[in-house]
Amino acid sequence: MTAIIRQLAHVCIFARDLGATEAFWSGVLGLPVTFRFTRNGAPYGFYLTAGGETNIEVFLKTESNFAETNQINHICLEVHSLDDAIAAIRARGVKITDKKLGVDDTWQAWTADPNGVKIELFEYTARSAQFVGGDRIANW
């Protein structure tokens, strides 16, 4: 059967503060704003380019709140160099975990945006399960 899905188009997140959210995603992580949304003449959201044809859509929702029990838990972004990404993020005063090798043999580090949206940064290796396959045992 031919797949009916071409690729992930976008992920939508809610922001309690649009300015702080844009400063993080665009200023800290470097994702460009593609376009903006307004509602009743006021800023309401924006679209970020996340590589290729994949985007992150952000809408203002001041009452939003993240919980570990949400069905969608985090966003994972591939980086060119995890060491460089960690250094750049820390240089902007944002907390990020140290780099660790995941059970899938891919380097990872974790941060969060001002709304509590968890973000995993990913750097593939030659042994990453995403390329070589093979089942892995979850150790968390």
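The values are calculated or read from the model by the stated rules, or taken from the named source; none is laboratory data. This structure is a prediction, so every number in the text was calculated from the model and none was measured. Because the Cβ atoms are built from the backbone with ideal geometry, glycine has one as well, and the counts that use them run over all protein chains shown.
Some observations on this one:
- Test for Ala112: is it loosely packed, with under 15 Cβ neighbours inside 10 Å, among the small types (Gly, Ala, Ser) and not assigned by TED's automatic domain parsing to the domain that holds Leu18: no
- Residues of region 40-52 that are without any contact (Cβ under 8 Å) to a residue 12 or more places away in the chain and part of a strand (DSSP E or B): Ala42 alone.
- Only one entry in Lys99, Lys61 is charged (D, E, K, R) and within 30 Å of Ile137 (Cβ to Cβ), namely Lys99.
- Scanning region 107-140 for residues that are hydroxyl-bearing (Ser, Thr, Tyr) and more than 11 Å from the chain's Cα centre (by Cα) returns Tyr124, Thr125, Ser128.
- Between Gly45, Gly93, the distinction of being within 13 Å of Cys12 (Cβ to Cβ), at pLDDT 95 or above and either exposed (fewer than 12 other Cβ atoms within 10 Å of the Cβ) or outside the structural domain of Trp140 (by TED's automatic domain parsing) (or both) belongs to Gly45 only.
- Here is the figure for region 115-140: residues that are surrounded by 13 or more Cβ atoms within 10 Å (Cβ to Cβ), in contact with a helix residue (DSSP H, G or I) (Cβ under 6 Å, 6 or more places away or on another chain) and of a type in the set (D, E, K, R) total 1.
- Selected residue [farther than 19 Å from Glu22 by Cα, touching a strand residue (DSSP E or B) at 6+ places or on another chain (Cβ under 9 Å) and of a type in the set (Asp, Glu)] from Asp98, Asp113, Asp104, Asp135: Asp98
- Flag for Val79 being surrounded by 11 or more Cβ atoms within 10 Å (Cβ to Cβ) and touching a Leu at 6+ places or on another chain (Cβ under 6 Å): yes
- Any hit, region 93-100, residues being part of a loop (DSSP other than H, G, I, E, B), hydroxyl-bearing (Ser, Thr, Tyr) and in contact (Cβ under 8 Å) with a residue 24 or more places away in the chain: no
- The residues on offer are Thr69, Thr34, and the sole one that is more than 19 Å from Trp110 (Cα to Cα) and either in a helix (DSSP H, G or I) or not assigned by TED's automatic domain parsing to the domain that holds Leu121 (or both) is Thr34.
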